[in-house]
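Rule-based calculations on the coordinates, nothing more; no lab input. Just so it is clear, the structure is predicted and the values come from calculations on it, not from any experiment. Cβ coordinates were reconstructed from backbone atoms using ideal geometry, including for glycine residues, and neighbour counts include every protein chain displayed.
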Amino acid sequence: MSATTATTTTTTTTTTTGAPVTGRLGDSPVRPDGIAKVQGSFAFSGDLSADGSLWGATLRSPHPYARIVSIDLSGAWAINGVEAVVTAEDVPGKPTYGLIDQDQPVFASEYVRYVGEPVAAVAANHPETCRRALAAIRVEYEVLEPLTDPERAADGTFPPIHPNGNVFRHQRIVRGDTEATGEVVVESDYEIGMQDQAFLGLEAALAIPDPGGEGVELYVATQWLHEDRGQIAACLDLPAEKVRLTLGGVGGAFGAREDISLQVHTCLLALRTGRPVRIAYSREESFLGHVHRHPARIWMRHHATRDGKIVKIEARIVMDGGAYASTSSAVLINAVTHMQGPYKCENAVVDGWAVRTNHLPCGAMRGFGVVQACFAHEGQMDRLAAACGLDPVEIRLRNAMETGDRLITGQVIENVAPVRECILETAALPLPDEPVGGHDGDPMRLPGGAGLTADRSHIRRGIGWGVAIKNLMYSEGFDDFSTARVTLRDGVASLKFATAEVGQGFVTLAGQIARSVLGVDDVVLEPIDTTVGSAGSTSASRQTWMSGGAVDGACRLVREQLFAHVGAQHGVDPLRLAIDGRDVVDTMGDLCVPVAQATAGLVFEDTFEHHHRPTEELDENGQGNCHTAFAFVAHRAVVDVDPELGLVKVVQIATAQDVGRALNPLSVIGQIEGGIAQGVGLAVMEEIVQIDGRVRNANFTDYLLPTFLDMPDVVATLIEHPDPMAPLGAKGVGEPPCISSTPAVVAAIRDAIGKDLTRTPVRPSDIVF
Amino acid sequence: MSDTTAAVPTTGSNQMYVLHVNGVDHEIRDAWLGESLLYVLRERLGLMGSKGACEQGECGSCSVLVDDELVCGCLVLAASATGQRIVTIEGVAPVGAPSDVQQAFVDAGAVQCGFCTPGLIMATHALLDRSPEPTEYEIREELSGNVCRCTGYGRIIEAVQRVAVARRGGAA
Ligand code: FES
Ligand code: FES
C-alpha cells in the first residue's frame with residue numbers, strides 16, 4: 001500500500017460545464033445530515049426500533065467491591081412480560097472483553113469491582129416491567145474493603161483485587177543526563193479529577209437476531225464498528241461474519257464509545273428471546289456504564305537555567321484506571337511521553353503508573369492522557385516563569401519546540417511544529433474590551449450571574465496561558481489503517497466506509513474529497529457498517545488523516561481508471577489527463593470531456609486502505625519512535641473571579657491551533673469551540689465525585705456541564721502549514737482544543753487571586769479557603 | 001415490592017386519553033399512566049424527534065411546546081397534557097421544507113452530532129417569537145436551559161443572530 005503524498009489537484013479556472021464545483025476541500029459545505037438533524041428525522045441509535053421488539057435493562061452492582069454469594073432470578077421470572085433473564089452463566093463465549101486486555105466481565109460472576117458493574121440483564125415488554133424485574137432479582141453480596149487509593153495500588157500495599165494484579169502498566173522514561181541540575185528548580189504536585197464525556201445521546205442499541213439464532217444484527221452508536229464486532233463475536237461465540245454492525249446515529253462520543261458497554265448484553269438478550277431487543281441507558285446508567293477520563297496525581301520538577309531554558313524534567317504520575325483495563329496502558333503512555341510539553345528538553349526522568357482500583361473504569365476521553373500531562377507541565381511553566389522573573393509568554397517562547405527537536409523518548413518531531421507561531425498568534429489576538437462585569441453593568445455578567453451577591457468592586461480579573469503538544473493517530477506499533485471504497489457511476493460518486501460519524505463531520509469531509517479528486521457534484525454516502533473493511537476508531541484525532549487518506553486514495557485509484565478509459569478512447573496518454581472542475585482535460589492538448597459524460601453507463605470502482613507509517617514500542621527506558629505525528633496549540637484565558645464566593649466567569653479564550661490545512665474551516669472552528677467548552681468544563685466544574693468508591697453525582701443536576709452562560713467568547717486563529725506527512729496536508733483538530741484550555745483557565749484564576757491552585761477542576765472552596 | 005408479579009399497570013382496558021399533537025388528536029390506549037410526555041411522543045406516537053438526555057429537566061433535549069409554553073417533555077406526565085396543544089419538532093415545518101431557524105442552524109455550522117438540536121430549535125423559535133432581536137447575552141440566557149456538548153455554542157449563537165437579522169429584513 002503506497003502512502004499518498006500530495007494533495008489533490010485543484011484549480012481556480014472556470015470549467016466548461018457551468019458553475020464551479022462547490023463543496024470541495026477548503027470550502028465549508030453544510031453537513032449532508034444537517035437538515036435531517038434540525039428537523040428531528042435523523043435516526044439516532046436510541047430512536048431505532050423493530051416490530052415486536054423488547055426492552056432490555058441491566059442490573060448493576062451497588063458495591064465497589066464484593067463477592068457474589070448467590071443470585072436468585074426467580075422473582076424476575078415471575079413477572080408478567082419478562083422474556084429473558086441472563087447472567088454470567090448465559091454468556092456462551094469469552095466471559096470478558098476489553099480493547100487491549102480482555103479483563104472486563106460481560107457480567108460479574110465471582111466478584112463485583114465497581115459500583116455499576118453489570119450483574120444481570122432482563123428483556124421485557126416495557127421499560128417499567130424491566131425496572132420491576134431488576135428490582136426483583138436478589139443478589140447476596142459479601143462486601144469487601146474497596147481499593148480506593150491509587151497510590152496503594154501503585155506501591156503494592158493493597159492485596160490484588162483482580163487476578164491480573166493492581167498495576168495495569170508501569171512505564172519509565174530515562175533520557176540524557178539524569179544527574180543534570182539547573183540553577184532554577186521548581187516543583188509541585190498536581191491533581192486532575194475524573195471527567196465524564198457526557199455526550200448527550202445516551203448509549204442505545206437495537207439487536208435483531210437471525211432466524212435460528214445463528215447470528216445477529218446490531219445497530220449501535222459506537223466509535224469503531226469492527227472492533228466492537230470482534231469483541232461481541234468472541235463473547236457470543238459466533239464467527240465475526242455472523243455479527244453484523246450498522247452505525248446507529250451517534251449523539252457525540254468523545255472517547256466514551258470506544259469501549260463496548262451494552263453491545264454484548266443487547267445481542268445476548270435478542271439471541272435468547274429470538275426477538276429484537278432495544279437497550280437505552282438512562283443518564284445515571286451512562287455515568288456508570290462507560291469509561292471516563294483518568295483522574296491523576298502528578299508530581300513534577302523542572303530544572304532550568306537562570307534565563308529560563310529547561311535543563312531537565314522529573315515527573316511521577318499515577319493514573320487511576322478504575323476496575324478494568326480498558327485503554328489505561330495506552331493512556332499512560334500518552335501521559336508519560338508528553339510530560340515535557342511542546343518544549344525542548346534533553347534530560348528527563350519520568351515514572352508513570354496506571355493502576356486498578358475499585359473506582360469506575362477509565363479509558364479514552366478526548367485528549368487521552370495528554371490532558372493530565374499538560375495540566376502539570378503548564379503549571380510548571382508558570383512556576384518557572386515566576387522563578388526566573390519572566391512572563392508566561394516569554395518562558396514558553398524561550399523553550400518552544402521546533403521541527404527536528406527530540407522528545408524525551410528520543411523520537412524526532414518530523415511534523416510541522418509551529419509552537420512559536422501558535423503562541424505569538426494567540427498573544428496577538430485582542431483581549432476582551434469589556435471591563436469586569438460588562439460594559440453595561442449588567443449583573444448577569446458577573447461570576448455567578450445576577451442571582452448571587454458578587455460585589456463588582458471585589459471581582460478580580462486574571463489572564464493565563466496553556467500550550468500543548470498532542471500525538472495524532474495510534475502509537476506503539478499498532479497497525480492503524482482505514483478502508484474506503486469508491487464507485488463512480490454516471491458522474492456520481494458513491495462512498496463506502498465504516499468510519500463512525502459521531503458529530504465531527506467526516507460525512508461532510510468525505511464528499512469534499514470526492515468532489516475535489518473526481519470532479520463530481522453528486523456524492524452518495526452508503527450506510528456505515530461492517531460490510532467494508534475497518535476504518536479504525538473515530539478517536540485520537542485520526543479520521544481526517546486516516547479515513548480522509550483512505551477516501552482520497554480510493555478516489556485517486558478510480559480517477560486512474562477513468563483516465564485510462566478516457567485516454568484509450570481519445571488516444572491520449574492517461575498521464576497527461578487531469579480533473580479540472582467537472583471535466584477530464586488534457587493538460588497538453590485540447591481534450592475536455594465532462595466527467596459525467598465520460599462515465600455515462602460505466603462503473604469505475606476501487607478500494608483503498610490507508611495505513612500510517614509504522615511506529616515502535618517503547619523500551620524499558622521509555623525510548624522509541626512510538627508516535628505517528630503531532631499537532632500543537634496555544635490557549636490564553638481571561639477570567640473574572642469572585643474571591644469571596646469562589647465563583648469564576650471565564651470571559652474569553654483566545655487560541656491559535658496548528659491544523660496543517662483547514663479542509664473545512666467551519667468544521668474546524670466547531671471542533672475548536674466544542675473542545676474548548678470541554679476544557680473549560682474540566683477547569684471549573686466537571687468532576688465525577690466518588691466517595692468510598694460510590695459515585696455521588698451521576699446526573700446532570702450534580703455533574704455540571706458548561707451551558708451557554710458558562711461558555712466564553714472564543715477568538716481563534718488557524719495556523720495553516722500543510723503537513724507533508726499528512727495525506728491531505730491536514731492534521732487532526734479534535735483533541736488539541738480541550739488540552740491546554742484547561743491549564744490556561746486555571747492559570748488565569750491563579751493570576752486573578754494570587755493563589756497556588758494545583759488541582760482541576762477548581763472548586764469554590766479552593767478559591768475561598 | 002408488593003406487586004412484582006403484576007405486569008405493567010395500564011389505565012384499564014377501556015380507558016384512554018387523547019393528546020393533541022401537531023394539530024392532530026391521538027388516542028392513547030392501554031398506556032401506563034406513569035409515562036412521561038416524552039416517552040409517549042416517542043414510543044407510542046413514533047415522534048422520535050424529541051430527545052431524552054437526562055430525563056431530569058437539565059438538558060432541554062426534550063423541549064416541546066404545550067399551549068405555546070416551552071416545557072421539558074421529560075418532566076410532564078403525558079396523561080396530564082390532555083386538552084392542550086402540543087407542538088413537537090415534527091410540527092415546526094414540513095419534512096424537506098425547513099423553517100428559517102432550522103436552515104440557519106445548518107448553514108451556520110450549529111449542528112454537530114445533532115442530539116441537542118431539536119430541543120434548541122424549539123427553544124430558539126420560542127425565543128425569537130418572544131424577543132425578535134435578542135442581544136447576544138439574551139440569547140445565552142434564554143437558551144441556557146439547553147445543553148450542547150459538541151459545539152461550545154458559538155455557531156448556535158451565530159445561527160440565532162442570522163435569523164434575527166434576516167427576519168427584520170437585513171442581509172443574513
Ligand atoms: S431529557 Fe428532558 S431536560 Fe433532559
Ligand atoms: S451538537 Fe451534539 S450535543 Fe449539540
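To the nearest 20 debye, what is the magnitude of the charge dipole of the stretch A:469-599 about its Cα centre, counting +1 on the Cβ of each Lys and Arg and -1 on the Cβ of each Asp and Glu?
Details: 10 positive and 16 negative charges, 31 e Å.
That gives the stretch A:469-599 a dipole magnitude of about 160 debye.
If Lys and Arg each add +1 and Asp and Glu each add -1, what is the summed charge of the other residues whose beta carbon sits under 14 Å from the beta carbon of A:GLY548? Before the final figure, lay out each step's value.
Numbers: positive: A:ARG24, A:ARG515, A:ARG542, A:ARG556, A:ARG661, A:LYS731; negative: A:ASP480, A:GLU501, A:ASP552, A:GLU609, A:ASP723.
Every neighbour counted, the sum reads +1.
Could you give the length gained by full extension between A:GLU187 and A:ARG67, i.e. 0.36 nm per residue of separation minus their alpha carbon distance, to one decimal place? It would help to have the intermediate numbers written out before the result.
On the way: separation 120, 0.36 × 120 = 43.20 nm, distance 4.24 nm.
Length gained, A:GLU187 through A:ARG67: 39.0 nm.
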- Item | Inter-probe distance in nm under a simple model that places probes 7 Å from Cα toward Cβ, at A:ALA43 and A:ARG460 | 5.7
- Order by protection proxy (mean Cβ within 10 Å, highest first), peptides A:262-269, A:479-486: A:262-269, A:479-486
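Using 0.36 nm times the number of residues separating A:GLU110 and A:ALA386, minus their current alpha carbon distance, what extension gain do you get? Let's see the in-between values first.
On the way: separation 276, 0.36 × 276 = 99.36 nm, distance 5.39 nm.
Full extension from A:GLU110 to A:ALA386 adds 94.0 nm.
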- Message: In chain A, if the dipole is taken from +1 on Lys/Arg beta carbons and -1 on Asp/Glu beta carbons about the Cα centre, which of A:HIS265, A:PHE368, A:ALA76 is farthest to the positive end?
- Response: A:ALA76
- Expressed in nanometres to one decimal, the distance between label points 7 Å along Cα→Cβ at A:LYS94 and A:THR22 is 4.9
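Rounded to the nearest 0.05, what FRET efficiency do A:GLU620 and B:TYR137 give with R0 = 51 Å and r taken as the Cβ-Cβ distance? Could you check? The partial results should precede the final answer.
Details: r = 56 Å, r/R0 = 1.11.
Computed FRET efficiency for A:GLU620 and B:TYR137: 0.35.
How shielded is B:84-92 by partner chains, expressed as the average number of their Cβ atoms within 10 Å of its Cβ atoms? Working shown, then result.
Numbers: counts 0, 0, 0, 0, 1, 4, 3, 1, 3.
The shielding value for this peptide is 1.
For the stretch B:101-160, take the alpha-carbon Rg, divide it by the Kirkwood Rh, and send me Rg/Rh. Don't jump to the answer; show the numbers that get you there.
On the way: Rg = 10.2 Å, Rh = 11.2 Å.
Checking Rg against Rh, the ratio lands at 0.91.
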- Item | Separation in nanometres of the label points that stand 7 Å from Cα toward Cβ, at A:ARG306 and B:GLU27 | 9.2
- Item | Selection from B:LEU127, B:TYR137, B:THR151, by position along the positive dipole direction of the stretch B:100-167 (Cβ) | B:THR151
- Item | Selection from A:GLN104, B:GLN112, A:GLY679 lying farthest towards where the dipole of the protein assembly as shown points positive, charges on Cβ | A:GLY679
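Sort A:505-515, A:310-320, A:594-604, A:127-137 by packing, meaning the average of other beta carbons within 10 Å per residue, with the highest value first. Can you show the working numbers first?
On the way: A:505-515: 25.5, A:310-320: 23.6, A:594-604: 16.6, A:127-137: 21.4.
Per-residue mean Cβ counts within 10 Å order the peptides as A:505-515, A:310-320, A:127-137, A:594-604.
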- Note on the structure: At q = 0.20, 0.27 1/Å the base-10 log of I(q)/I(0) from the Debye formula over the alpha-carbon atoms of the stretch B:14-90 is -0.77, -1.43
- Message: Taking beta carbons within 10 Å but only from partner chains, what does the mean come to for residues B:115-125?
- Response: 4
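Ranked by Cβ crowding within 10 angstrom, fewest neighbours first, how are A:TYR343, A:TYR141 ordered? Display every interim value, and only then the final one.
Working: A:TYR343 23, A:TYR141 18.
With the sparsest Cβ surroundings first, the list reads A:TYR141, A:TYR343.
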- Loop GluC sites (Glu not before Pro), the stretch A:606-657, which have at most 16 other Cβ atoms in a 10 Å radius of their Cβ (DSSP): A:GLU616, A:GLU617, A:GLU620, A:GLU644
- Item | Charge dipole magnitude, Cβ of K and R +1, D and E -1 - the protein assembly as shown, Cα centre, debye nearest 20 | 240
- Item | the stretch A:609-756 shape via C-alpha gyration tensor axes, a/c threshold 1.5 | prolate
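Just list whichever of A:LYS344/A:LYS755; A:LYS309/A:LYS731; A:LYS312/A:LYS731; A:LYS649/A:LYS755; A:LYS94/A:LYS496 have alpha carbons separated by over 20 Å in the model shown. Write down the numbers at each step before the final one.
Values: A:LYS344/A:LYS755 28 Å; A:LYS309/A:LYS731 29 Å; A:LYS312/A:LYS731 29 Å; A:LYS649/A:LYS755 17 Å; A:LYS94/A:LYS496 31 Å.
Distance filter (> 20 Å) returns A:LYS344/A:LYS755; A:LYS309/A:LYS731; A:LYS312/A:LYS731; A:LYS94/A:LYS496.
Dipole magnitude of chain B about its Cα centre, charges +1 at Lys/Arg Cβ and -1 at Asp/Glu Cβ only, in debye to the nearest 20? Spell out each step's value before the answer.
Values: 12 positive and 21 negative charges, 74 e Å.
Dipole about the Cα centre, nearest 20: 360 debye.
Which shape class applies to the protein assembly as shown: rounded if a/c is under 1.5, otherwise prolate when a/b exceeds b/c and oblate if not, where a ≥ b ≥ c are the square roots of the Cα gyration tensor eigenvalues?
On the way: a/c = 1.25, a/b = 1.06, b/c = 1.18.
In terms of gyration-tensor shape, rounded.
When the helices in the protein assembly as shown are scored as -39500 (n - 2.57) per DSSP H run of 4 or longer and the sum is shared across all residues, what 222 nm value do you end up with, to the nearest 500 deg cm²/dmol?
Details: 21 runs with 229 residues, N = 941.
About -7500 deg cm²/dmol.
Residue by residue through A:124-131, how many Cβ atoms from other chains fall within 10 Å of the Cβ on average?
Per residue, the number of nearby Cβ atoms from other chains is 4 on average.
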